[in-house]
Every structure is written in structure tokens, then in C-alpha cells.
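J.: My questions all concern the structure below.
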Number of protein chains: 2
Amino acid sequence: MSSEDKYEVVFFPHGRRDFFAPGTTLMEAADKLGVDLSTVCGGKGTCGKCKVRIDEGNESLGPVKPGEMRHLTKDMIEQRYRLACLVKVKNAPLKVYVPEISRVGKQRLQTEGLEVPVTPKPMVRKYFLKLPVPTLHDMRADEERLLDALSDQYGLDKNKLRVDYDVIVKDYLPIKLREANWEVTAVVWNDKVMAVEPGNTTDRCFGFACDIGSTKLAGFLMDLNQGKVIAVGSRMNPQIPMGEDVLSRISYVLFYGEEAQDKLQKAVVGGINEIIDECCEKAGVKNNEIYEMTFVGNVAMQMFFLKYWPKHVAYSPYPPVVRRGVYVPTARLGLKGHPYSQAYYLPVFGGFVGADQLAVIMATRMLDRDEITMDLDIGTNTEIAVGNRELVTCDSCASGPAFEGMEIKQGMRASTGAIEKVTIDPSSLELHYRTIEDAPAVGICGSALIDIPAELLKAGLIDNKGKFVEKMAKQTDRLRRSKEGMWEYVIAWAKETARVVEKEVSPGVMKKETIPGIDIVITQGDLRELQKAKAAMHTGAELMLKYRGLTEKDIDKFWLAGAFGNYIDPENARTIGMYPELPTEKYVFVGNAAGTGARMALISTEMREYAEEISRKVVYYELAVDKDFQNEYARSQYLPYQDLNKYPLTRELLYRLGRIDENNKWIYPE
Amino acid sequence: MSSEDKYEVVFFPHGRRDFFAPGTTLMEAADKLGVDLSTVCGGKGTCGKCKVRIDEGNESLGPVKPGEMRHLTKDMIEQRYRLACLVKVKNAPLKVYVPEISRVGKQRLQTEGLEVPVTPKPMVRKYFLKLPVPTLHDMRADEERLLDALSDQYGLDKNKLRVDYDVIVKDYLPIKLREANWEVTAVVWNDKVMAVEPGNTTDRCFGFACDIGSTKLAGFLMDLNQGKVIAVGSRMNPQIPMGEDVLSRISYVLFYGEEAQDKLQKAVVGGINEIIDECCEKAGVKNNEIYEMTFVGNVAMQMFFLKYWPKHVAYSPYPPVVRRGVYVPTARLGLKGHPYSQAYYLPVFGGFVGADQLAVIMATRMLDRDEITMDLDIGTNTEIAVGNRELVTCDSCASGPAFEGMEIKQGMRASTGAIEKVTIDPSSLELHYRTIEDAPAVGICGSALIDIPAELLKAGLIDNKGKFVEKMAKQTDRLRRSKEGMWEYVIAWAKETARVVEKEVSPGVMKKETIPGIDIVITQGDLRELQKAKAAMHTGAELMLKYRGLTEKDIDKFWLAGAFGNYIDPENARTIGMYPELPTEKYVFVGNAAGTGARMALISTEMREYAEEISRKVVYYELAVDKDFQNEYARSQYLPYQDLNKYPLTRELLYRLGRIDENNKWIYPE
């Protein structure tokens, strides 16, 4: 059915539809309809994450392109899978099915982090005032009458205070004071009266803290009088369709310019506003009772959110635009709080090390300790800091998105059906796995991607270089060659992954449908990606220690931060050499420290000063200038490390399992 | 000629024309076409200032209304004069002639005031910076690099400084720095980098100071490095059509609401922007090289300009909205300076005593002196201050617009053809007058309105109660009864006032035309108005002295301020008792001190602090609470005063001229 030479495209299971002109890519169509479709590369045809099944009209799209071939198996081509970013509407209507693995999806979001006790000392305070009525003997200006009362009744410094211009002009202060019969509540932010409310509203004073992750947004509505969280909400970062990782998003801005920058900013603010509305709804708070907001996130998130031009942080020497904490009126950013409220974005460091890492240092009080502690905040960029009260240094390493399921053949985010835990019995080679919500497996997420190499290593299915030990194929049919002749290992069999889904067959009519299963495997290539990722983190940690003249023995505590850090098996991570080897009890999870930091800064101006102090004092160390980088990176690709003597606990385990001899040499089966 | 039941109205000599629906008043039509038409009452038909002559179509307007009758003489009615606010378009096209006296007109504007030497210490400073290029060993953020350079190269306190959000975001700071090859000029306002310009622009740093008078606007473009005025411009305040005095304008806002408030604000800003453009043109300066602006004006001007709701200052106890100095971004006010520049409106006092009076106190340094000085700033509201370093008090009296030519039968503003100077020989009774630009007389302006009662008094044509001495009519035919039977005195005869004007007979075709002359007279009613006005000023001064326990003998200097003050004959003003009697040498003209104050504040932050100090320290005294007000006002209506012993110099003069006997009794001719 066509309308003015356009053809209808329907996306399932969403059921969204519209007419599109020939030449429109399916990704553009999905974007326009708000259909949630995954992409890492931002639509360049390189990541292969936007696989869709063409249920009607596939023949009109022409033969599969070479670019698609790289990402589609023969099975998939037979099942009419295509890459949405590479195929274009031509001359027929289309029915497009978006499989679960290609959706951004409903993911598990860890929002709460370490709760650090902080005495509330918010920047926003409310004061109830009974003002004297003007007379011929007291003709003070309305503004002065208000400020005098704040000074007389509460001891505020009148000469520092001022009333916001908008309160006087837009809110008609003179009328407001008289209508309220001179009994009002002044809302004071910093030295500014940012609002005047009739009557006594001092018991209702709220703020909003938000962690802007590249992947997820976590928001906290807080009672500023009490310093307590009263509602929590979270969302996927709506910027994801414009690039899954920060570099893709920066490329997107650099390619499409100002408009794209605007789109990214509006996307994230839209997501935050949804969280604000949800939290307000939950807690019975009105938007204009939110008098301040604080934000944390990495440097790229800072730039997208505040609309800083992000080009130069993407190129050596990676300078950010602004390091210090920044106040911007929420209205300028489009946020749904009190119209005259301010947003505070916590300070960042250099490179990509942002307010999230600062929050870790803040929450752990690393800079106030005598003993040396170290932290690792695992992500696409992994941030590392080490030190004590004398000096804390930090760096960032581009560990890539492998542990977020990207660049892994069947990798996925931690959403329903993701394999999140894997164990292999080292002698029987029996495998067990667990999926999120116990749904039929659809892919492998980050925590399992740490388990798998560790379990394969312990089982002798791979060696310490991460290579499949081919002879082991005799002992388990899970280890096999793919149709393309590459070695791979089956985590879940097709029969276990078949599942029933509800499908919208016509508008409003749902029908159950069984999706046939596929084998979920880990390939030699996947292992390579994971090794590169963990090697990057390890290199960052090792070089940082070396730079500081320290070894892992000097570390008193090792903080594992980040939402992801909370889900991993710290011993498996240690077994593959994701970080320096320490006794298990020295690893401490601090969870989503970023959110913790945002909350601390929201309820306490002292914490903001502390954040600024951290940002000033902590020294950023750029790994790229370390001459030993390449060598250390090479050594770190071994599992767990080239020199096993740095990993005595793992060495002992592998020796016990018969994987290595007394000279640390790998023992291959006959 | 009609178009869809509308009728064409053409205004001469402007030549502007359009079609209007029946029911449209001629004032509304004039307003819509931007035809400059005088009004005091804001269109209520009470002031009679909007007289127009209907050259075609008068019969369609129907008979003269009772409201018009009050303001039109028989002659005028015969000549088809009508009040523009009371007559409406009906069923025929109209040709309307706006006589000069009904136009706001091109007036003489005194813009310069006292030049007080002030060492430049502007809030805006420019700093040329050569920034180190980022490297892997120097990855500082762009903002920090800039602030560090300001700190290292010029000793500014980096921790207090910040870069304006707009400079970073809207102006793309990161791109700007790189395109300028890291050599830039930072424009620092207060603690904020408000602009970053490529290369070295330190020699171009400008500001704009403006005196917003109810009647006129005076603007000064200044070089902030030098502290020198480089261009001057002035305009009539475009708010005049919405009410000639401030109370009419406030009524206008209260009647029409927000829209009218907006219109008043846009009108004054439009006028200021014209002055800015004119000054920039003259001096070769670009708008965005104006980095700061300062403004002064009375309290009503402050309110209209900043959009404060003006209702309550118009009602007892007359509290202003904001007393202290106010910073507002120029962009929010619509001003044409640098987009991120700030406007500073100097502090005001209470009641109607505004930043203009503050400027007088600032320019005269009244508050720093040991000796007592007093000032009088003559206007529709006359402001008075007295004191020394121990205490300065000020008040304001509603002297009315009589000395601005309003409420005077043939009064007018100081524009072309205005009689500005009058002398009468006390013995021969011969009269001489002078007009502005020596044009044929069209009316009488303020300075002559002081001369006339003084000269009439000295000549014995009026007595000390201001009444015409009827018997003197025998000695001069200038003193006569009007057709209505009221006494009046002819200043200029009709034959002297006839004049030739250019008239547009058809579009673009000008024709010279002789306008027949009329007698220009001063009536008993006019004298009454002038007495009331001068009595109000005198009462303000007397009560202020009494309140302070002082007499005129304690006054060391008497400052005469205001543009008008500059034009008056101080001895004639003293003769009629406009202010306390002092030896002539104690009267000092300070001219348009308001403009001086705005300039002082623009070039020196110390002067701003001084202004705030003055605003805090000077005590406002409300005359309305003084129980002696009515009695003193009655005594002050005498010329010069009921008790001549307070006016020994005038007493002696009148005695010498034979007007009074040794007991101060008026001598009437036989």
C-alpha cells in the first residue's frame, strides 16, 4: 500500500508503522517511529547489532550486501535476517521483526550504591517569614523587607543575599507578598532567594541526584531537610540508539554537527525527566518542589548533557572542556524541576575520567586515608585510582565494550534471558548456566563473560594464551569447529534457547509464537576480545602502580566500583587477571558509587567542596605517555598474566588442577 | 476611499496613512502609525494635550463633545480642532493635522552633566593570553587552561573565576581557542569570563551609560580603558505616548496589564537601542564591543525598564520593589550590547526618589562633606536632599509638570519656538522674550515659566498672592480679560507668532503654508498652577530643613540639579520662592547629574560601591507623615513666601521697586 510513492513499514512486536520514501534505511525508519533498535556503530554497518528479520517484502530489498555478510550467518540469511542500517525501503511495503537481541530492551539496572553517611547541609534552605507590613514609617522596598527578615529572623548575611530577577519579575514578587498577607517561605539557594512561596512550606524541600551512565540513568529524589532518598528511578540512556559507546556518540556529533549534539542532549534530558516524573509520582512531590539537582557521569556524558563541543576529548591529548564543577540553570538544560533551580555537575578529571570516578574517590575517602587503596571502575572506559592522603593518581584505559556484551558474537546486555553465570566442572566438564529471570537463554552478558574464560581455563579447555585446546574436543562436544571452520565452545544448546513470544499479528491482536532456538557459543574471536579488554584494565592498574613505585602488596583495600562490578565473580575476574591479585577479602564492592557521589553532593555543600578538592588534588596520569605500555599490554593478555609469580593464588589453583607444571608451563593433553 | 468598511486616515505633516475601522479613536490610529502625539492623561480626555485639526472629514465626526469643550477655545473649534483621544473614525476618510504643540517633537536635550574625575576601575577588563598548547603532559581542560593563564599572567584569583556557560557552549570555546591558535583575549566581567576573542583586542573595551528620564533618554558610549566618553546620543523617551508623567504610565500598566508593561519596557529599550546604534556609528564601535551598561532613572523608570510590577509604589506607603543596585543580563532586557553583557541599574531610595537623586548625592559628594549642603532636582517629582557626612536625608515632592509646560494653557516643552526667556521692565512695563532657535513663538517652556511670575511680581502686575493687579490694565494692554472673562497677560502677540511651515499636500509634494498667529498668554489659572508647583518644592525643602533642625542659614551650598535646573534663572526662581533664599553664589548648577552618576558607575566599581553606600546611608523622609505639611504648603504659595523676613534679599528688592511698604504689606496702585 503506497501513499504518494511512499511504502508502509511495520515494526513488530512494537506494532509501530508509517509510510517511508524509497531510500530510507530501516534504522532511520525505526528511529523515526521510536522503535528501540540496538546499534554500537551508530548506523555505519560495522557492528552488526541491528539485525532484523524481514517477514514480508524481503525480496524487494535485493540480495544480501557484503557488509551484511560479515555479520549474518547462513542460518540467519535463510531466515531473512538483514542489517537495518544497511537496507533501504525500495518499492514495496515491509514487515520487520526486531528480535530481542537487537533491542535496547528492559535491562537490569543497579541504581543504589554505597550509602555513605553525610550530615545534611544542602545548598537549598527554606525559611518561613512573617514580614512587617509597609507603613509610612517603614517604606522599605519589597526585596529589602524580605532580605531584612532573613537577616533578622535567621541571621543570614543580607549583603550577600539577593532575590532572583525572575522571582521579582516573572513571579510578580510584589503581588505575591501581598496576596500571601506577608507570610511567606523564602527558598534560598546559595546566596540567592530562588523562590518565594505563600505560607509555610518549609517541610517540603526536595532535590534530585542523577547518575548519567553511558548505558543507564539512575535518579534519586531526595528530601533535602532529612538528607534521605524518597524515590528511585532508572532508565536506559536514550542516547544509545545514537551510538552504544561514547566514541560512537562523539562521532555521531562530529558527523552530523550541532543538530546531533542537540538530539543527544535532548535524549538524555528526556530520559532524566521521565525519571523525575516517575519519582515525583511515587513520592507525591511536585516538579517545582525540586529546588536543585546534581549530576555525575563520565566526561563524555558531561559534554553531551551540558552541550560542550565534544571533539577534542576524542583526540590526543584528550583535554576536557571544563574540569571543575559547573552550575547551569535547569531551565537551560530542559530539566523538569523548579523553573529557577540549578543543576550542578560534579567536577571531572582529565581524559575520560569523569565525575563517576570522582564519586568513587569521594565515597571511599581514598584521599583521607593513611593506607594505600586502589579502585577499579569497570566500564567501556575503565578508571583506576590509587593512593592515600599524600597523593592519589588516576588513569583511564580504553577497555572497550566487550564486557558489556559488545563485539562478542552472542554478547548482550544484562537483560531478560541473558546468561549471567557459567560454571564448568574442571574434571567432568559439565556446564551449568543461569539466565536473568530464568528465561530461555538469548545471549551472554558481562558477568558470564568473566566466568567463561575463567572456567575454560580451570577446565583446561583453553590455555593461558586463551587459545582453545583443540584436543579437548575429544572430551566434550561443546568444543567444536563452526561451519566457517573456527573453534567455538557451546554455552547453551539450541533446544534450550527456543522460546515462546507474544506477537502482534494485527493491531491489538496478540498471538503466541515459538522462536526456534540457536546454539549460543563463545568463539575464539570472542575470547580474544575479552583478553584485550581485561589486558587493558590490567595494564592500567599495573602501570599506575609502577608509576607510583608500588606493587599489589602495598594495597590495603581494592575497591570494585560500577554497577557492573557488583555482579561479577571477583575470584573469576582475578583468575583471568582482570586486576592485580590480592587476597579475596581485600576486594570491596562499592557498587554504583557515581550515584552515591551525586547524592552526597546534593545533600551537602561540604561534599561539593570535597569533590572540588578531589578534582584539584588527584593527579591524572595519561597511560599513553608510558613507554612500557605496549610491553605491559602484551604481558597482560595472558590468563591471568605472563609471569604467574605475580599471581601466586591463581598459580597454585592451576597447579592443583594439573594445568601447569612446577615451572609454570602449560600442560597440554596427549 | 474605503477598504472592507475601513476608512483611510492620513496624518500631516507626517504623511503616515492607513485604513481604520469605525470606532477607532484618532489617538489609537496615531499610535498604530507611530505618529508622535502628545498626551498627559494617557488618552482619557482629561489633559487636552492631543489637539489635532481635522482638515478633511470633520463633519463625519459629529459635533464637538462636552469633554472636548473643556479644552478647546471657540477659535479652535472654528478652526476644526478636536481632541484625538475623544473622536473616532466613523464613516468617512480623514485628514488630520497634528500641530506642533501637540507633538512630542524634537526637543532640546541636555545630555552632559557635571564631569566628576573618577579613576577608571571598570568591572570589565580585557586580558591578552598566550595559552600553552595541550600535550599529553599537559591535559588541562580548556576552561582551566584559560583561567590558569589569567592567574599566572595577570594574578587573577583562579578559584573565584569562571567562564560563562554561553561562552563555552554557544560560542564553542574549544573550537574558538584552537582556531585562534591559543592566542586570545579574555573579557572578564566581575569574576566571570564573559567573552573570549581571537587575538589581541585589549585596546577595544567599551561600555554604555544611560540616564532614563521620564521625558528624555541620554546615552554615553565610553571607552572603559580610558574612562572617557566617546559618543553621546539622546532621544525623547518613547514611553511618552503611553502617558506623559510617570503616574499616567503606571495607570496605563495597571489598566492594560502585562501587555502594557511589556509595551512600556520595549518602548524605552527601543529608544535606548537607537541611541546605542547612533553612538556606535559615530564612534566606529560594534554593538558586541559594549561589554557592560549602567542605568539611572527614577523609581518608576527603574520599574518600567526592569519590568517590576509598578502598582504599589503608586499607593501609600509607596514602597519600591527593589532598592539596591540590580544586575540583569542585557539580553533579557532586549538591549543591543554584547550578548552576554550585564546591565547595572543603580540603587534607588524610597518613594519616587530614584537613582537620579542618588547620582546627585554621588556627584556632589554631599555625604563626604563636613559642611551642610542641600540639593534640589527639579522635575515632575522634585527630589530634595540635605546633610553632611553625619547624615543625609532626602524626600520627594509631587511638584507636578507645570514647569514642564503641562497644565499651562500655552505651555510646551523646550523645543523649537518655545518662549524660553521673558523680561519685563518694572517701570516701562516693556516686555522682551526669546524663543528657542529664534523661531516664531509657539508656546512657553519651563525656564520662561519661572521668569514670568518673577517679572510680573517685580513689575507689580501681580501681587504676592499671585493675583493680577487689575488696575495695572490701565498701564498695559497686555493685561486684559479673555473672552471668557478671565484675567490674562499677553506674552506674545498673534502677529509675532504667525509662521510659515512646510506641509505635504500630496505624498512627497511639500508646500509652504502660513499658519495664522495667536496671542500667547499667561492666565490667572496658569499662575495658580505655577504657584502650586513651586509651593510643593518649597514645602519639601522647608520641611526637610525643619525635620533636620536646620535653617537656610546653615546651608553652605545649594546644588541645582536636573537638565531643567540648568536653564533656569536662579534669581528669578529665588524671587518666586521656588527654594530657600540664599546668596546667589551659594547656588551651584550640577546639571544632568543622573547621567554623570551613570558614567561614574560605569567606569568604576568603587563608584558602584559608593552608590550602594549612599543608597543604604541616606534616610528617606516621607513628607506625607509631616503634620505641618498643609500649613507650610499654604505659606509657600505666596511669592516668594508668606513671611518675607525669610527672604531678606527679595524683600529688599520688592521694597526698592516700591511693591511693599516697610511692614512688608503689598502696595496696590490707586
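J.: Can you tell me the length gained on complete extension of the stretch B:Ser506 to B:Tyr315, counting 0.36 nm per residue apart and subtracting the Cα distance?
T.: The B:Ser506-B:Tyr315 span can extend by a further 63.8 nm.
J.: Give me the distance in nm between label points sitting 7 Å out from Cα along the Cα-to-Cβ direction at B:Ala494 and B:Glu513, one decimal.
T.: Label-label distance for B:Ala494 and B:Glu513, simple model: 1.9 nm.
J.: Copy-to-copy spacing for A:Pro507, label 7 Å out on the Cα-to-C-beta vector, in nm, shortest first?
T.: Output for A:Pro507: 5.6 nm, nearest copy listed first.
J.: For region B:551-631, what is the convex hull volume of its Cα atoms per residue in Å³?
T.: It comes to 143 Å³ per residue, whole-number rounded.
J.: Could you tell me the distance between the Cα centroids of region A:135-210 and region A:351-413, to the nearest Å?
T.: Value for the Cα centre distance between the two parts: 43 Å.
J.: Tell me, what is the FRET efficiency for A:Asn288 and B:Lys617 to the nearest 0.05, using R0 = 35 angstrom and their Cβ-Cβ distance as r?
T.: Efficiency, from the Cβ-Cβ distance: 0.35.
J.: Calculate the dipole size of the protein assembly as shown relative to its Cα centre from +1 charges on Lys and Arg beta carbons and -1 charges on Asp and Glu beta carbons; express the result in debye to the nearest 20.
T.: Once rounded to the nearest 20, the dipole reads 1860 debye.
J.: Starting from a label point 7 Å past Cα on the Cβ side, list the distances from A:Glu585 to the same position in the other copies, nm, shortest first.
T.: Output for A:Glu585: 9.9 nm, nearest copy listed first.
J.: Under a 5 Å amide H to amide H cut-off, with H placed in plane at 1.01 Å, what residues pair with A:Glu56 once short-range neighbours are removed?
T.: Correct list: A:Lys95.
J.: OK, next. What per residue convex hull volume, in Å³, comes out for region A:124-198 when only alpha-carbon positions are used?
T.: 80 Å³
J.: Could you give me the ³J(HN,Hα) list for region A:174-182, computed from phi with Karplus coefficients 6.51, -1.76, 1.60 and θ = phi - 60°, whole Hz, x at Gly and Pro?
T.: Those phi angles translate into x, 5, 4, 4, 6, 5, 8, 6, 6 Hz.
J.: Okay, next question. What percent do you get for the relative contact order of region A:403-525 when only Cα pairs under 8 Å and 6+ apart count?
T.: 21 percent
J.: Now, a different point. Given 20 °C and 1.002 mPa s, compute D for the protein assembly as shown with the Stokes-Einstein relation, Rh being the Kirkwood radius over Cα pairs; round to the nearest whole µm²/s.
T.: Rounded, D is 58 µm²/s.
J.: Same structure, new question: Once you put a point 7 Å from the Cα of A:Glu606 and another 7 Å from the Cα of A:Glu670, both along the Cβ direction, what distance in nm separates them?
T.: 7.1 nm
J.: Another question about this same structure. Show that you can apply the helix-only estimate: for the protein assembly as shown, add -39,500 (n - 2.57) for every DSSP H stretch of four or more residues, divide by all residues, and state [θ] at 222 nm to the nearest 500.
T.: On the way: 38 runs with 378 residues, N = 1340.
Per the formula, -8500 deg cm²/dmol.
J.: Another one. Roughly how many debye, to the nearest 20, is the charge dipole of chain B about its Cα centre, given +1 on each Lys and Arg Cβ, -1 on each Asp and Glu Cβ, and no other charges?
T.: Computed charge dipole of chain B: roughly 1160 debye.
J.: Please report, to two decimal places, log10 I(q)/I(0) for region A:206-355 at q = 0.13, 0.14, 0.17 Å⁻¹ as given by the Debye formula with identical point scatterers on the Cα atoms and no solvent.
T.: -0.54, -0.62, -0.90
J.: Students often get this wrong, so check it: of A:Lys130/B:Lys311; A:Lys263/B:Lys170; A:Lys216/A:Lys627; A:Lys170/B:Lys216, which have C-alpha atoms separated by over 24 Å?
T.: As for pairs spanning more than 24 Å Cα to Cα, those are A:Lys216/A:Lys627; A:Lys170/B:Lys216.
J.: Next up: Considering only A:Tyr315, B:Gln524, B:Leu545, whose Cα is most displaced toward the positive end of the charge dipole of the protein assembly as shown, charges sitting on Cβ of Lys, Arg (+1) and Asp, Glu (-1)?
T.: Farthest along the dipole direction, towards plus: B:Gln524.
J.: In chain A, which residue puts its Cβ closest to the axis that turns chain A onto chain B, and how many whole Å away is it?
T.: With distances in whole Å, chain A gives A:Pro329, 6.
J.: Taking 0.36 nm per intervening residue step and subtracting the Cα-Cα distance, what contour gain separates B:Arg389 from B:Thr584 on full extension?
T.: The B:Arg389-B:Thr584 span can extend by a further 67.8 nm.
J.: Residues with amide H under 5 Å of A:Ile491's amide H, sequence separation 5 or more or different chain, H placed in the peptide plane at 1.01 Å from N; which?
T.: Distant-sequence amide H within range of A:Ile491: A:Ile520, A:Val521, A:Ile522.
J.: I'd like the projected area of region B:446-560, averaged over all directions, using the convex hull of its alpha carbons. Report it in nm² with one decimal. Walk me through the numbers before you get to the answer.
T.: Values: hull surface 48.2 nm².
Projected area, direction-averaged: 12.0 nm².
J.: Follow-up. Find which of B:Leu264, B:Val299, B:Thr596 sits farthest along the positive direction of the dipole of chain B, computed with +1 on the beta-carbon of Lys and Arg, -1 on that of Asp and Glu, about the Cα centre.
T.: The residue sitting most towards the positive pole is B:Leu264.
J.: Short version: ³J(HN,Hα) in whole Hz for each residue of region B:469-478, in order, from phi by Karplus 6.51 cos²θ - 1.76 cosθ + 1.60 (θ = phi - 60°), x for Gly and Pro, what are they?
T.: Listing the rounded values in order: 8, 4, 4, 5, 4, 5, 8, 8, 6, 5 Hz.
J.: Here is a further query. Working out 0.36 nm times the residue gap between A:Arg481 and A:Ala634, then minus their Cα-Cα distance, what length gain in nm do you get to one decimal?
T.: Result: 52.4 nm gained on full extension.
J.: Mind listing the label-point distances from A:Glu496 to the same position on all other copies, shortest first, one decimal in nm, points 7 Å along Cα→Cβ?
T.: Copy-to-copy label distances for A:Glu496: 11.6 nm.
J.: Using modelled backbone amide H atoms (1.01 Å from N, in-plane), which distant-in-sequence or interchain residues come within less than 5 Å of A:Thr294's amide H?
T.: A:Phe208, A:Ala209, A:Cys210, A:Tyr344
J.: In whole percent, what relative contact order does region B:542-639 give with Cα contacts below 8 Å and a gap of six or more residues?
T.: Computed over region B:542-639, the figure is 34 percent.
J.: Oh, and also: Charges at C-beta only: +1 for Lys and Arg, -1 for Asp and Glu. How large is the resulting dipole of region A:403-525 about its Cα centre, in Debye rounded to 20?
T.: Numbers: 18 positive and 19 negative charges, 67 e Å.
Approximately 320 debye in magnitude.
J.: Same structure, new question: So for chain B, averaging the separation of alpha carbon pairs under 8 Å that are six or more residues apart and normalising by length, what relative contact order in percent results?
T.: 12 percent
J.: Continuing with the same structure: How many nm separate the modelled label positions at A:Asp166 and A:Ala21, each set 7 Å beyond the Cα in the direction of the Cβ?
T.: The modelled label-to-label distance comes out at 3.9 nm.
J.: With θ set to phi - 60° and the Karplus curve 6.51 cos²θ - 1.76 cosθ + 1.60, what are the ³J(HN,Hα) couplings of region A:652-660 in order, to the nearest whole Hz, using x for Gly and Pro?
T.: Taking θ as phi minus 60°, the curve returns 5, 4, 5, 5, 4, 7, x, 7, 10 Hz for region A:652-660.
J.: Moving on to the next point. How fast does chain A diffuse by Stokes-Einstein, in µm²/s, taking the Kirkwood radius from C-alpha pairs at 20 °C and 1.002 mPa s?
T.: On the way: Rh = 27.2 Å.
My calculation gives 79 µm²/s for D.
J.: What residue among B:Val229, B:Val285, B:Ala209 has its Cα farthest toward the positive end of the dipole of region B:206-350, where the charges are +1 on Lys, Arg and -1 on Asp, Glu, each on the Cβ?
T.: Of the candidates, B:Ala209 comes out farthest on the positive side.
J.: Between A:Arg528 and A:Asp643, how high is the FRET efficiency from 1/(1 + (r/R0)^6) when r is the Cβ-Cβ distance and R₀ = 22 Å? Nearest 0.05.
T.: Values: r = 21 Å, r/R0 = 0.95.
Here the calculated transfer efficiency is 0.55.
Just so you know, all these numbers are worked out from the coordinates, no wet-lab data involved. Please read these numbers as outputs of a predicted model, since none were measured by experiment. In this analysis, Cβ positions are derived from the backbone assuming ideal geometry, glycine residues included, and neighbour counts consider all displayed protein chains.
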